[in-house]
Structures are given as C-alpha cells and as structure tokens.
Amino acid sequence: MRLQRTLEKFVDPLPLLRTLKPKRKSKRKTFYEVAMKEFREKLHRDLPPTRLWGYEGMFPGPVIETHKDELVEVLWKNELPSRHFLPIDQTLHSVAGNPEVRTVVHLHGGATPPDSDGYPDAWFTNGFKQTGPDFRRKVYEYPNEQRASTLWYHDHAVGITRLNVYAGLIGMYIIRDNEEESLNLPKADYEIPLIISDRSFNEDGSLFYPSQPDPPLEDGPNPSVVPFFCGDTILVNGKVWPYLEVEPRKYRFRFLNASNTRNFELSLDSGQSFYQIGSDGGLLEKPVKMKTINMHPAERVDVIIDFSRYEGGEIILTNDTGCGGPFDPEKDAKVMQFRVNQTLREKDSSVIPNRLSKLPLPPKQNIQTIRHLKLVGSQDEFGRPLLLLTNRMWDDPVTEKPQLGDTEIWMFMNTTAFPHPMHVHLVQFQVLEHQAFDLERYNETGELVFTGPIVAPSKSERGLKDTITVPPGTVTRILAKFAPYAGRYVWHCHILEHEDYDMMRPFDVQ
Ligand code: C2O
Ligand code: CU
Ligand code: CU
C-alpha cells in the first residue's frame, strides 16, 4: 500500500555523515574495506524502518576522505541477499540469465584505471561467487592524482543501476589538496556534505519503486523499466526533509544530487545568496554569488552560506522545479531547514576568498577529433521509449576511440524533448558552449538549423565538470583530454532510468 499522506517536514535532525576509517595505512597506500549490506533504518519520525542496501550498512554510505596523490585501495564486498527487493526488468541488457543481485562500484568523477572504474559488466555477487564478463579485480585502486574535489561512489551494475542506487548504494568521496587547504574556507564542523535525493514510500515504510510505467503496458514485460522516476519525498543525507541547527557564521556545504531522475533549483527563502566555490571537478576560479543553484542528477555544487546576519532565523532550502509533472508545492517545494539557533562558539575567521584556484583546463591548441554524438529517442517492440546514444545500443561495438593523451571536442546533440545530464568517465571536461537548433525541423528533415546564438556556459558551468546537462534541441560542446589511462570506460546519461535503457555507451582510450 502506497503511503498516501505527506510526511511532516523538519521534524528530524540532519544526519552528519561518518568518515570511514582505513583498515591499514602505510606510507605507500591506504587500504579500506567496504561491505554492502542490507539493513533497516527509520528515515522519518513517522515512518516505520525502511529496508535499504548500503555501503557499511548506511544510507548514504560513509564518506571516504583522501588527499591528492594518496593511493587508496578499497576492497568492495557484496554481502547482500541473493534476491532483489525492487522490480527487475528481465528484458534489459545482461539481466536475463544473470544473478539478480549484482554490484560493481564506480567512483564518479575519479580519474581511475579502467579495471578499477566499475565497468558495468565487471559486476560481482555476494562473496565474489559469480562475476561478470569484465570482472578483473577484487581490490580497486584509486591513485587520486587529481585536484581537490567532491566525488561520489555508487553502484553501476549493468541493467540494474537505477535499482541498486535507489536501494541506497551511494556515498561521498572527498579529495583534499594543499591549495584548497591554504584558502581558509570553513572547515571541520562547518564543512558539511549534503546529499539530496528523492524516494517514495509504502505504508509499512518500505521503498516504493514502480514496476510498470504509468499507464501500465498492455502487453509487455512485467516488471518493466520506467521512462523516469520521481519520488514524492525529498531526503537529505538519508532523512526526509530534515533540519540542521547552525551557528550564525559561514558554513561550507558540499551538495550532491544523488536522485535517479529529479533535478533541483535550489534557493534560500531568506533571500540570501549562495557563494558557489566549486563544482564537479573542484574549485572554481573565483566564487560566484548565486540566488539559485540548478542541479541535475550526479552534479556536485560546493557552496558557502553565511548565516551571520540571520541569528534566530529559520531558513528553508527551497526547490523551484517539479519532477515528471506539474510543480506540487507540498512535495517539491522544500528540501531542508536551517535553524540559526546555536551560539557562536568562536569568532568565524574563515573567509570567502576572491580567488580560489587556477583551472587546469584541457589544452585548446591541438584538438585531434570532433565527435558528433546524437541523443536519440526511439521505441522498442512494446511501445516503450528507448533512448539511445549515436543510435546504438549498449552492447553494439565500440565506436568512440580517443588516443591516450588526445584532446577532443564532444558535441552532444539532444534530439529528444527532455534534458539529459551527460556524464563521461575518466575525465573532467570544460564546457565550451551551448547552441539551440530547430528540433522539429531536424526531426522531420534531418537538417541541422541553429536557431539561436552560441551561448557561453553559465558561471557555474565554467569550472571543471564531469556531468553536463544538454537541454532539448541543443548542441552542447565539451572539451576533454583523454588521459592518464588507456582502456575501456563508459559515457552515459545520468538519469538512471535512461542509463539502464539504453543511454550508455562504452568508449576506448587507446
Ligand atoms: Cu555516476 Cu557512470 O556514473
Ligand atoms: Cu562516473
Ligand atoms: Cu537522459
């Protein structure tokens, strides 16, 4: 039975995420073990405990914190039951005939060697009893040879990523470096990860995830993949609409949108601005004052919020956009609450620096290849939407093969009616520009006619990105240097219902 009432807002405190302790640490490397486990947890005061799957039995999982150039090794262990508790569509790629519960972990935003990147077919089951065709190693290696940034880890198993992530398999991964540490940003108790996601519930507290599109298929697979998923409840750090008690001072918040489909347009109802200092690939050049922050799935936004003039105030983090239908104020409008009711423990000496960093952008001089990559809508034999990249299915032969060290322009051309947050593994790229084209004309005649000027990336898109939203009827160009590893990676839409069917493709760095 679907939960009918809306849960009361701001009755539970925001959970602060625990940092994972290493098993062993030597000069050369730091070794962790992380077990994926089933567990039950109360996600709201008025909900019975919810069955979840989480790294170390937590949702979200523990934060892994590291420093640039520290070699981190993780033994990711699957200790999950053998049956899934969410509806699996047997018609998707590599699902039928394979074990129901398969997992593989990807470090999103990391420059990771290919055999540790969590290739979707490198899955493994409980105790590594069965492994997928591309499974290579049990212990994953993360060299962390990249600048300070907010990354995250999540499940990436082929055909069921949307379900494994929805069940709770997500966590944050923070890389620090000397440059960032020299900036005197708010830190320790004043630096807080905020992982936002949406879920729906049944009366008994269990997660609701549809087994059929709406309206249901007349004649098709049951359960079936759905074209998108929008939860009716918003969670931060695994609690429904929580509150956080803060001091009247500056805080640094690392936002991550870990939802399957939902995007957010975040503002503060006090009317104050965020100071954005970083995005997917680390610090921006300088802080950007923003009234509204847009976040599509998988994007990270690093901000400073200054509560110093709001002593005694209650500030709501609001959201201005609906999901999959009209905006519903009850379900969509609020994310969490800040209560500025704590006494200032000591003078706030942190700063919002004028300059943050010099961006290590990919070199523009030697562009070896320009790829035209179409995002295409199609239909399958059951009349379900099937989304494709370059009109190919996931398991068609590899067509994108950059040379190691090459710089390329990838042009994502969105011929569908929806925005898609496009993600490329291995690299942090530069967004060059967006340009709108006549979508109707293109879909009728195949002619590409631009209807607007070349638009520069927005201020917050000017940092390094690993995920960029391509609006409908738009060409978005990105510049990426394919290094430092050769091997097989993937690029895909990060709406997980799209990624699973079938908006994901391999690429080879060779
Ligand atoms: Cu966050 Cu390939 O994924
Ligand atoms: Cu990724
Ligand atoms: Cu998509």
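The values are calculated or read from the model by the stated rules, or taken from the named source; none is laboratory data. Quick caveat: nothing in here was measured; it's all calculated off a predicted structure. Here the Cβ positions follow ideal geometry from the backbone for every residue, glycine too, while neighbour counts run over all protein chains shown. The area values use the complete protein model at the heavy-atom level, side chains included, leaving out ligands, DNA and RNA. Shrake-Rupley method; radii C 1.70, N 1.55, O 1.52, S 1.80 Å.
Quick look at the numbers
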| read-out | value |
| --- | --- |
| Expected 222 nm ellipticity per residue - DSSP helices of 4 or more, -39500 (n - 2.57), all of the chain, to 500 | -1000 deg cm²/dmol |
| Ellipsoid semi-axes in whole angstrom, largest first, where each is sqrt(5λ) of the Cα gyration tensor of the stretch 188-339 | 32, 17, 13 |
| Pairwise Cα inverse-distance average, inverted: Kirkwood Rh of the chain (Å) | 23.3 Å |
| Cα-centred dipole magnitude for the chain, charges only on beta-carbon of K, R (+1) and D, E (-1), debye, nearest 20 | 1740 debye |
| The stretch 269-339, relative contact order in percent, only Cα pairs under 8 angstrom and at least six apart counted | 28 percent |
| Cut-off 20 Å, label 7 Å out along Cα→Cβ of Leu404, residues of the stretch 100-139 by amide N | 110-119, 136-137 |
| Residue-count net charge about Ile454 - beta-carbon cut-off 10 Å; Lys, Arg +1, Asp, Glu -1 | 0 |
| Residues of the stretch 476-510 with amide N under 15 Å of a point placed 7 Å along Cα→Cβ from Gln379 | none |
| Computed magnitude of the charge dipole of the stretch 268-402 (debye, nearest 20; Cβ of K, R +1, Cβ of D, E -1) | 660 debye |
| Inter-label distance, nm, simple model (7 Å from Cα along the C-beta direction), Ser182/Arg355 | 1.1 nm |
| Restricting the stretch 330-425 to trypsin sites (Lys or Arg not before Pro) in coil, as DSSP defines it, with at most 13 other Cβ within 10 Å | Arg345, Lys347, Arg355, Lys358, Lys364 |
| The stretch 110-254 shape via C-alpha gyration tensor axes, a/c threshold 1.5 | oblate |
| Two-site label geometry, Leu448 and His67: point separation in nm, points 7 Å out along Cα→Cβ | 4.7 nm |
| Sparsely packed trypsin sites (Lys or Arg not before Pro) within the stretch 35-76, loop by DSSP, other Cβ within 10 Å at most 15 | Lys42, Arg45 |
| Carbon/sulfur fraction of accessible area - the chain, other protein chains in place, 1.4 Å, % | 48 percent |
| Probe 1.4 Å, protein heavy atoms only - accessible area per residue of the chain in square angstrom | 39 Å² |
| Angstrom value of the Kirkwood radius, inverse mean 1/r, which spans all Cα pairs in the stretch 365-489 | 15.5 Å |
| In the stretch 402-494, the GluC sites (Glu not before Pro) that fall in loop regions by DSSP, at most 13 other Cβ within 10 Å | Glu447 |
| FRET E, pair Arg136, Thr19, Förster distance 35 Å, beta-carbon r, rounded to 0.05 | 0.80 |
| For the chain: relative contact order, % (alpha-carbon pairs under 8 angstrom, 6 or more apart) | 15 percent |
| 14 Å beta-carbon shell around Leu389, net charge (K/R +1, D/E -1) | -2 |
| Environment charge of Val288, counting only residues whose C-beta is closer than 10 Å and scoring Lys/Arg +1, Asp/Glu -1 | +3 |
| Three-way shape call for the stretch 316-410 based on the alpha-carbon gyration tensor, with the a/c threshold at 1.5 | oblate |
| Simple spin-label estimate for Arg5 and Glu38 in nanometres, 7 Å along Cα-Cβ | 2.9 nm |
| Solvent-accessible surface (1.4 angstrom probe) belonging to Trp241, in square angstrom, nearest 10 | 0 Å² |
| Farthest positive-ward along the chain dipole, Cα basis, beta-carbon charges - from Gly281, Val351, Val303 | Val351 |
